[in-house]
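This report concerns only the one structure given below.
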Amino acid sequence: MITSTQNDRVKEVQALQTQAKRRRKAGRMVLEGVRLVRDALQAGHVAETLFYTADQSETLDALNIRGLEVSAEVMRTMSDTQQPQGIIGVFATPQFTLPDQPQRVLILDAIRDPGNLGTLLRTAAAAGVEAVVLAPGCVDAFNPKVLRSGMGAHFRVPIVELDWAQIESTCAGLTVYLADGQGETRYDAADWSAGWALITGSEAHGASEAAQRITQQRVYIPMAADTESLNAAAATAVLLFEAQRQRL
């Protein structure tokens, strides 16, 4: 059992949890909790190191994997949550490529809130999006909070980081929609039956100039009671499921 919080393995997990540069350099991510670890294993990923507390030994048996037992104090030290679930796995970061000629693309423009990004990824996976593109300025997709709120979406939809020139090339032949509360086309009047890309911008700053340059139609969601706007993830969910409704 690892009982020292100064153990090198423990320090490495702490660094991966808190430092995006460290994650990128190492090509590693940290998954917390039974659900995320199980999702990764079922998707064919192999844990490089798995840490667990004694109360989770039966869980490891059920998953047919082995790990390193740690004390409760060590688990709290490694965890990014206030109430650790007793299992932490270190995995290689998935390497994604864009599908050939994707027809349903979500472009996220400077989404900086980890919880929002994770929810957006989870929603995209559920709505049949073929690829999620992170434009410059987005929070790291493998931030621990993004991973938790994504609920396994990282293993269900390709997630790629592109600059705006690459994004424009990816969108060739697609109708590019921008979610905009002041848009001219109501979201359910837009034609989502053909290939499309949807840009969702930052709640604080709106869409970037680069995003606006490639936009072909701005779509809005009518709202009652003088509501100014919706959360980015909530608005995107409305749009994506309307697109899915038309497709189905």
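The values are calculated or read from the model by the stated rules, or taken from the named source; none is laboratory data. Quick caveat, the model's predicted, so the values are computed rather than measured. Here the Cβ positions follow ideal geometry from the backbone for every residue, glycine too, while neighbour counts run over all protein chains shown. The accessibility values were calculated without ligands, DNA or RNA, using every heavy atom of the protein model including side chains. Shrake-Rupley method; radii C 1.70, N 1.55, O 1.52, S 1.80 Å.
Quick notes on this one:
- Amide H within-cut-off set for VAL176, under 5 Å, with H built and near neighbours excluded: ALA197, GLN216, GLN217
- Using θ = phi - 60° in the Karplus curve 6.51 cos²θ - 1.76 cosθ + 1.60, the 3J(HN,Hα) couplings for region 157-170 round to 9, x, 10, 10, 9, 9, 7, 5, 5, 5, 5, 4, 5, 4 Hz; x is entered for Gly and Pro.
- Candidate values (1) 1.03; (2) 0.94; (3) 1.13, label of the one derived for Rg/Rh (Cα atoms, Kirkwood Rh): (1)
- Length added when fully stretched, GLU130-LEU68, from 0.36 nm per residue minus Cα-Cα: 18.6 nm
- Karplus-derived 3J(HN,Hα), 6.51/-1.76/1.60, for each residue of region 33-47, Hz, glycine and proline x: x, 4, 4, 5, 4, 5, 4, 5, 5, 5, 7, x, 7, 10, 6
- Between the listed residues TYR52, PRO144, SER169, the Cα displaced farthest toward the positive end of the dipole of the chain, a dipole computed from Cβ unit charges relative to the Cα centre, is found at TYR52.
- Placing +1 on the Cβ of every Lys and Arg and -1 on the Cβ of every Asp and Glu, with no other charges, gives region 182-248 a dipole of roughly 260 debye about its Cα centre.
- Relative contact order computed over the chain (Cα-Cα under 8 Å; 6+ residues apart), in percent: 19
- Placing +1 on the Cβ of every Lys and Arg and -1 on the Cβ of every Asp and Glu, with nothing else charged, gives the chain a dipole about its Cα centre of roughly 480 debye.
- In the full protein context, the chain carries 50 Å² of accessible surface per residue, based on a 1.4 Å probe and ignoring ligands, DNA and RNA.
- Taking the Cα centre of region 72-148 as origin and assigning +1 to Lys and Arg Cβ atoms and -1 to Asp and Glu Cβ atoms, the resulting dipole is close to 180 debye.
- Here's the picture: charge each Lys and Arg Cβ at +1 and each Asp and Glu Cβ at -1 in region 154-248, and of LEU248, HIS205, ILE159 the one pushed furthest to the positive end of that dipole is LEU248.
- When the Cα positions of GLN6, SER79, LEU178 are compared along the charge dipole of the chain, GLN6 comes out farthest toward the positive end, with charges on each C-beta of Lys, Arg, Asp and Glu.
- Label-to-label distance, nm, for residues given as ARG24 and GLU228 (7 Å Cα→Cβ offset): 3.3
- Judged by the mean number of other Cβ atoms found within 10 Å, the most tightly packed of the peptides 159-168, 68-77 leads the ranking 68-77, 159-168.
- Cα→Cβ-extended label distance, 7 Å offset, between GLU168 and ALA54, nm: 6.2
- Distances between placed amide hydrogens fall under 5 Å for ARG28 paired with THR93, all partners being 5 or more residues away or on another chain.
- By average C-beta atoms within 10 angstrom, highest first, the peptides 130-143, 8-21: 130-143, 8-21
- Phi to ³J(HN,Hα) by Karplus 6.51 cos²θ - 1.76 cosθ + 1.60 over region 124-130, Hz, x for Gly, Pro: 4, 4, 5, 8, x, 5, 8
- Surface composition of region 108-237: carbon and sulfur atoms hold 45% of the protein heavy-atom accessible area at a 1.4 Å probe.
- In terms of packing, defined here as the mean over residues of other Cβ atoms within 10 angstrom, the peptides 242-248, 118-124 line up highest first as 118-124, 242-248.
- Accessible surface of region 1-67 [probe 1.4 Å, protein heavy atoms]: carbon and sulfur percent: 42
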